[in-house]
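Report on the following structure.
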Amino acid sequence: MAARRSSAAVNRAVEIGLSVAIVSMDEETPRVLVIHRAGEPADALPFGPFDPLAHRTMEEGLRSWVEAQTYLQLGYVEQLYTFGDRGRHLARPSDGPRIVSVGYLALTRPQSAPKAHDVIWRGWYGYFPWEDWRETEPAIIGAVIKPRLLAYAQAAPDRETKERRLDRIRLCFGFDGLGWDEEKVLERYELLYGAGLVAEAARDGRPAPPDDAAAKPLAGQAMVFDHRRILATAMGRLRAKMKYRPVVFELMPPEFTLWELQRTVEAISGIRLHKQNFRRLVESQGLVEGTGKQSRKTGGRPAERFRFRRDVLRERPAPGLRLAARRGR
């Protein structure tokens, strides 16, 4: 009896974990710091336990163990969401305590190769290849995603469910002329997961897609547990937030050209922007100030170097970059 009570207590136990998507830039590639162990099929975001006795706050705990594990001191950090779905860490409830993870987004300026073992920077579009629209619509959408999602809708058990699925597909991927919304990263991933079209769905025991016999999970690197969902949340948050807060400058070096700033914004948002309109927007918002220096990195005409003008934070409650995609994509 005592053993059964002890087992039941373990099954009802809850532990708090902390997971973080640490984002940096490498030229025009947004990167995320991941743990990658040789022979393992999936990457992981840095994560660790919250110790209420050792850490005054969750963020303090996050910063402490990230520095211990990766030798990286975090700068900008914000909390994303609490992820507590049953089974997110365990195949069966009896395997151990339920893990509730508090997800974070952290931004850091360009970094060299990590010093820690098994820790590497990876481009985030490797996990979400359908999210990069900078050149054109990703081929995977028309060739793979759209037909398989439509098959998922057609396989619905009734007409009402079918219509709901079709509406969700249109909204998430902008089909039928609705247009692409770059902020819906999480919504798109959860749709693909629910349709059984990503590797994590099969791993978690989700029903196979209707055309499973002739298809494989979509391209894109899988992650352990629900870490790709956490990363999708971080991507969507960053894409949305840089429109009303100057968080993009947390990813920039102290001095930069307007072209470098535009390319960073495009890389994060996954869309191309009109050059002249972008420059007018930056200047009208008073987000930058000239340094009086010139850059010759491009090999062409010298370009003026700028820096972030921090006074803007005291002047307006919501300074940011209201993006408008370049027409003709």
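Read-outs: derived from the displayed coordinates by stated rules, not from any lab. None of the values given here were measured: they were computed from a predicted structure. Don't worry about glycine lacking a Cβ; one is built from the backbone with ideal geometry, like all the others, and counts go over all protein chains shown.
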Worksheet item: Just for segment 49-64: of the residues that are in a helix (DSSP H, G or I) and over 21 Å from the mean Cα position of the chain (by Cα), which one is nearest to VAL119 (Cα to Cα)?
Response: SER64
Worksheet item: Counting only residues that are part of a loop (DSSP other than H, G, I, E, B) and in contact with a Gly (Cβ under 8 Å, 6 or more places away or on another chain), which one in segment 99-121 is surrounded by the fewest Cβ atoms within 10 Å (Cβ to Cβ)?
Response: ARG109
Discussion item. Residues that are small (Gly, Ala, Ser) and in contact with a Ser or Thr (Cβ under 9 Å, 6 or more places away or on another chain): list the helices (runs of 4 or more DSSP H) wholly contained in segment 122-228 that include at least 3 such residues.
Written reply: none
